[in-house]
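Peer 1: Would you mind keeping the following structure in view while I ask a few things?
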Amino acid sequence: MQKLNRRQLLLLIIVLMISKNEYSFSQEYDSLKRSFISIGADKYIDKFTFTSSGNLNFNTDFGNFNINQNYRGSTLLDASKNFIDDEQFSLLYKKKIIDLFNFETRQRWLLNSNSRLIGLNKNEKIDFSSGLQYGSDDNSFIEALVGIQRNNMINLISDGLYTSAAANYQKINTDDFNYYLISNAEYVKLNLNRTNALANVSARLTRDYDADNSITFLMGYKLLKTNFLQRLAGSNSDYQVENWFENRFNGHFNLKFQLFSFINDFTVHGESNFFDDSYSAYNPKDSKTAAYKNKNEFVLLFNYNLKYEIQNFLFQIGLDYNLFSKSYDVNKKFEISDLDLRNLRNNEKMNDYNQNITQFSVNSFWFPSISDTFQVAYAVRLNQYASPSKLMNDDNDVFTEIFNLSASHRFSSVFSMKTSAYAFFNHNVYLKSQLSINNNWIRIYKFAPQVFINTEYFKMSPVFEVSANYTSYDYEDSLSSNSRSMRQISSRDSIMIFYKNSLNLQLIYNVRYYETGVFYSNLFEETPQQSNTELLTRCIIDYKVKNFDIGIGWRIFFIRSRKLNQKISVPDDLFQSVGPEFSSRIDLNKVIIQFNGWYEFQRNQQYFIKSVPNFFLKTEYRL
């Protein structure tokens, strides 16, 4: 066993200092095996973000330690001076007692803070627990722990008895079956008659015969009960307790099998979820505190895929049917008037809906030679949405069709071409007269040839695209129109020029010109109203030597908007951003330092606006 030396003790102290004693966790502690410390900071426009994370494993003669923490903080450079803190911390100690029994001690800290939120702007938990674990490894074990938890919400602190249990079981290749069982539970009793409980169980059974024949069963259950403290409106001392309860069930089945030359893949997935929301006491100033609010969710997904491949032909068919539903209800918990209860119920019932999506797709490839590929793809989808509430008028059907054709040819080992054509049709129909005026068609057409050049010293793949987008409404006359059109031509590429192994030049550009206007669908005519020209380009010279990488370059962003068909001349609307860019990476085996940044100077048509520095910095030390 490796003992702690001075350097490891120093690293341990550094991690604890970084974490600032404001921590939490979101995953199993020993799930991270690699030891490291990472610190980072970045700024993009007016947002600063700070991060620090670490995972340390120490194996000693008196037990094994794991320390894991993850912090992320952000703030905006505005008058609000808002700061958001999210930090996670865990400390796990494990000592073997006899045979398969281990003594385990665990500390966890959770902190979520947002200075902008009013009322619930800080949520903090810390717990300390100890217990026993029985098992051969981390994949198959049973454990039980008991301890205490301190909970801080809206500056009300409460301590309570904390208990947790977990059981994992994994058995591989037993009669060609693989078994997995993962479960965990937590329970804590707090003051003000509050209890928080969590239970998770998931099971998986798989059998893989070969790459094209397998069967999978998945089942899961989750129970969550938690209490939230909320300040009463206009009060700094009074509060109310909100009780949240949820039950979630899910099941999943997948069968993949080959029949003759056909590969079949069939999947069924289902979910049934129940949620309950209520308050421990009635507040006469807030009628919702007198009722139970219930929500039921149901999800059912069917998916079937057929694949047929022979010689130079590949054919795929997909069929999907997805069903979603949500239903809400409100029941009386405390005494309120029938009118208030009816209003609460009607407001919640407006969120009820039933939705089903049916889709059929075909995708085929033809390879007439080793240098040629042709693809034909088609998909059709019907999305039906309905609300049982008589107060809602947004029932609608959405019909969608997508066509995609492409052909590619490789002329040589360094030169090839591809041409693709795309069409998209979407018809949105509102079924009730109140919103039928919004019935519309969206039609998109694209044509995009592309060239690929790849040599030892040069690489590029420019795309040239022409597209047209039309949005037309079903009910409009020929004299006035709300329909819109957009026509666009664009080109983009990432060009790489290599010189030896240490020096290269990268040029990235994306340029497009597009016009928007009024579209008269009955006459298939349009009146252009505005043109836009955009250019984004980056040029970076990158130099690499041993463990050092440095890049220096320039980036330009430009957009110009111009009014068309105006009786009175209107000045162009212009925005441009230019500036230098710098990147570096130092890899000293155990220490990696990365920096990327650019300094942009912004201006419009008339004057200089401001300068904005942006950067991303990360330092990682691997143990």
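The values are calculated or read from the model by the stated rules, or taken from the named source; none is laboratory data. None of the values given here were measured: they were computed from a predicted structure. A quick note on method: Cβ atoms are made from the backbone with ideal geometry, for glycine too, and the neighbour counts reach across all protein chains shown. For accessibility, only protein heavy atoms count, side chains too; no ligands or nucleic acids. Shrake-Rupley method; radii C 1.70, N 1.55, O 1.52, S 1.80 Å.
Peer 1: Mind checking whether some residue in segment 61-79 is among the acidic types (Asp, Glu), more than 30 Å from ILE142 (Cα to Cα) and either open to solvent by less than 50 Å² (accessible area, probe 1.4 Å) or in contact with a Lys or Arg (Cβ under 9 Å, 6 or more places away or on another chain) (or both)? Lay out the reasoning, then the answer.
Peer 2: We begin by selecting, within segment 61-79, every residue among the acidic types (Asp, Glu); these are 61, 78.
Restricting the remaining residues to those that are more than 30 Å from ILE142 (Cα to Cα) gives 78.
Filter once more, so that each one left must be either open to solvent by less than 50 Å² (accessible area, probe 1.4 Å) or in contact with a Lys or Arg (Cβ under 9 Å, 6 or more places away or on another chain) (or both): none.
No - not one qualifying residue is present in segment 61-79.
Peer 1: I'm checking my understanding of the structure. Among residues of segment 481-522 that are open to solvent by 50 Å² or more (accessible area, probe 1.4 Å) and farther than 26 Å from ILE540 by Cβ, which one is farthest from the chain's Cα centre (by Cα)?
Peer 2: The qualifying residue farthest from the chain's Cα centre (by Cα) is ASN522.
Peer 1: Additional query: Among the candidates SER130, SER164, single out the residue that is modelled with pLDDT of 95 or more, surrounded by fewer than 15 Cβ atoms within 10 Å (Cβ to Cβ) and in contact with a Ser or Thr (Cβ under 8 Å, 6 or more places away or on another chain).
Peer 2: SER130
Peer 1: Contact list please: Cβ distance under 9 Å, first residue in segment 33-46 and under 16 Å from LYS590 (Cα atoms) and touching a residue at least 60 places away in the same chain (Cβ under 8 Å), second residue in a strand (DSSP E or B) and among the acidic types (Asp, Glu), pairs at least six apart or on different chains.
Peer 2: Listed pairs, sorted by first residue: PHE36/GLU620; ILE37/GLU620; SER38/GLU620; ILE39/GLU620.
Peer 1: Any residue in segment 6-26 that is modelled with pLDDT of 90 or more and in contact with a strand residue (DSSP E or B) (Cβ under 7 Å, 6 or more places away or on another chain)?
Peer 2: Checked segment 6-26: no residue is modelled with pLDDT of 90 or more and in contact with a strand residue (DSSP E or B) (Cβ under 7 Å, 6 or more places away or on another chain).
Peer 1: Further, regarding this structure: Pick out the one residue from ASP78, ASP138 that is under 32 Å from the mean Cα position of the chain (by Cα) and closer than 26 Å to SER53 by Cα.
Peer 2: Of the residues listed, the single one that is under 32 Å from the mean Cα position of the chain (by Cα) and closer than 26 Å to SER53 by Cα is ASP138.
Peer 1: Filter segment 531-543 down to the residues that are out of contact with any Phe, Trp or Tyr (no Cβ under 9 Å at 6 or more places or on another chain) and not hydroxyl-bearing (Ser, Thr, Tyr), then identify the one that is most open to solvent (accessible area, probe 1.4 Å).
Peer 2: The qualifying residue most open to solvent (accessible area, probe 1.4 Å) is ILE541.
Peer 1: Cβ-Cβ distance below 6 Å, separation of 6 or more or different chains: which pairs start in segment 366-384 with a residue that is among the small types (Gly, Ala, Ser) and end on one that is open to solvent by 80 Å² or more (accessible area, probe 1.4 Å)?
Peer 2: Pairs found: SER371/ARG410.
Peer 1: Starting from residues that are aliphatic (A, V, I, L, M) and modelled with pLDDT under 95, keep the ones in segment 189-202 and report whichever is farthest from THR226 (Cα to Cα).
Peer 2: Out of the qualifying residues, it is LEU192.
Peer 1: In segment 393-407, which residue that is open to solvent by less than 40 Å² (accessible area, probe 1.4 Å) and in a strand (DSSP E or B) is farthest from ILE370 (Cα to Cα)?
Peer 2: Result: ASN396.
Condition check ((1) touching a helix residue (DSSP H, G or I) at 6+ places or on another chain (Cβ under 6 Å); (2) assigned to a strand (DSSP E or B); (3) free of Cβ contacts under 8 Å to residues at least 40 places away in the same chain) across all residues:
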| position | (1), (2), (3) |
| --- | --- |
| SER412 | no, no, yes |
| PHE425 | no, yes, yes |
| ILE437 | no, no, yes |
| VAL451 | no, yes, yes |
| PHE464 | no, yes, yes |
| SER485 | no, yes, no |
| ILE489 | no, yes, yes |
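Peer 1: Is it fair to say VAL429 is at pLDDT 95 or above, within 26 Å of TYR378 (Cα to Cα) and either open to solvent by 70 Å² or more (accessible area, probe 1.4 Å) or assigned to a loop (DSSP other than H, G, I, E, B) (or both)?
Peer 2: Judged against the criteria, VAL429 is not a match.
Peer 1: Here is a further query. Within segment 381-411, which residues are out of contact with any Lys or Arg (no Cβ under 6 Å at 6 or more places or on another chain), hydroxyl-bearing (Ser, Thr, Tyr) and farther than 30 Å from ARG345 by Cα?
Peer 2: Matches in segment 381-411: SER406 only.
Peer 1: Hey, any hits in segment 201-209 for a residue that's surrounded by fewer than 16 Cβ atoms within 10 Å (Cβ to Cβ), out of contact with any His (no Cβ under 8 Å at 6 or more places or on another chain) and more than 27 Å from ALA166 (Cα to Cα)?
Peer 2: Yes, that holds for at least one residue.
Peer 1: Assuming SER158 fulfils every condition listed in (1) under 29 Å from the mean Cα position of the chain (by Cα); (2) polar (S, T, N, Q); (3) open to solvent by less than 40 Å² (accessible area, probe 1.4 Å) apart from one, which condition is it?
Peer 2: (1)
Peer 1: For segment 98-113, which residues satisfy the criterion of being assigned to a strand (DSSP E or B) and touching a residue at least 24 places away in the same chain (Cβ under 8 Å)?
Peer 2: Within segment 98-113, PHE101, ASN102, PHE103, GLU104, THR105, ARG106, ARG108, TRP109, LEU110, LEU111, ASN112, SER113 qualify.
Peer 1: Against the definition (in a strand (DSSP E or B) and touching a Gly at 6+ places or on another chain (Cβ under 7 Å)), how does THR527 come out, yes or no? Give the steps one after another, and end with the answer.
Peer 2: Values: in a strand (DSSP E or B): yes; touching a Gly at 6+ places or on another chain (Cβ under 7 Å): yes.
For THR527, the condition - in a strand (DSSP E or B) and touching a Gly at 6+ places or on another chain (Cβ under 7 Å) - is met.
Peer 1: Test ARG116 against the stated conditions and say whether it is open to solvent by 20 Å² or more (accessible area, probe 1.4 Å), in contact (Cβ under 8 Å) with a residue 12 or more places away in the chain, within 30 Å of LYS47 (Cβ to Cβ) and in a loop (DSSP other than H, G, I, E, B).
Peer 2: It is true that ARG116 is open to solvent by 20 Å² or more (accessible area, probe 1.4 Å), in contact (Cβ under 8 Å) with a residue 12 or more places away in the chain, within 30 Å of LYS47 (Cβ to Cβ) and in a loop (DSSP other than H, G, I, E, B).
Peer 1: May I ask you to list the residues in segment 544-573 that are aliphatic (A, V, I, L, M) and either part of a strand (DSSP E or B) or surrounded by 15 or more Cβ atoms within 10 Å (Cβ to Cβ) (or both)?
Peer 2: Answer for segment 544-573, where residues must be aliphatic (A, V, I, L, M) and either part of a strand (DSSP E or B) or surrounded by 15 or more Cβ atoms within 10 Å (Cβ to Cβ) (or both): VAL545, ILE550, ILE552, ILE556, ILE559.
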